[in-house]
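For reference, the structure is listed below as structure tokens.
The values are calculated or read from the model by the stated rules, or taken from the named source; none is laboratory data. If you're wondering where the values come from, they're calculated on a predicted model, not measured in any experiment. Every residue, glycine as well, gets a Cβ built from its backbone with ideal geometry; the counts of neighbours run over all protein chains shown.
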């Protein structure tokens, strides 16, 4: 399972990239706004991310009609060869995805919450499909179970192009574990969750013991 970092923070991206564990980045205008960014220079910021990460960088369109989404997508795709256009699943989004696929533009179809939506996205030409685990949990449903259903449904068919299913809206290291056990292609994680995946109480105890033992060796 690959990891995509879900952030617009360049410092977080540089740090995670230095660990050698991330395969790409997903971001959107909302995440950019959280770090003080403005929509007017969002595309410049995407270019900065692409200069750090060589893997796919998902940049979300803010358009709502097919023609505007296609126009946005073509413009975003010109920023860098590794840009993936993130589009919400809806009739206009499917039509735009179908058109962008003809131009060789990779699409990450987002806000997916059902197997039919995911299969339609794949049929339309989406390269990545993002079911949201955490959003199910927010409304009291089992997000992991819902993701499993979507994952199995998508992987049951051949679409004539590669399709990877992303465990999106991941909120915990347990979400990451469950996604890995189900065979998720990718997990999209915030930096805080990625750090949690490194940590374990037994690792901390082991490190402390190592330091204590080393001090004894030094003092001997």
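If you go through the stretch 50-67 one residue at a time, do you hit one that is over 29 Å from residue 150 (Cα atoms) and touching a strand residue (DSSP E or B) at 6+ places or on another chain (Cβ under 7 Å)? Yes, that holds for at least one residue. Across the stretch 48-91, which residue is farthest from residue 7 (Cα to Cα) among those that are in a helix (DSSP H, G or I) and in contact (Cβ under 8 Å) with a residue 40 or more places away in the chain? Filtering the stretch 48-91 for residues that are in a helix (DSSP H, G or I) and in contact (Cβ under 8 Å) with a residue 40 or more places away in the chain, the one farthest from residue 7 (Cα to Cα) comes out as 52.
Taking the stretch 110-158 as the range and being modelled with pLDDT under 95 and in a loop (DSSP other than H, G, I, E, B) as the test, the residues that pass are 139, 140, 141, 142. Residues that are in a helix (DSSP H, G or I), in contact with a strand residue (DSSP E or B) (Cβ under 7 Å, 6 or more places away or on another chain) and in contact (Cβ under 8 Å) with a residue 40 or more places away in the chain within the stretch 13-47 comprise 13, 16, listed in sequence order. Residues that are crowded, with 22+ Cβ neighbours inside 10 Å and without any contact (Cβ under 8 Å) to a residue 24 or more places away in the chain do not occur anywhere in the stretch 152-167.
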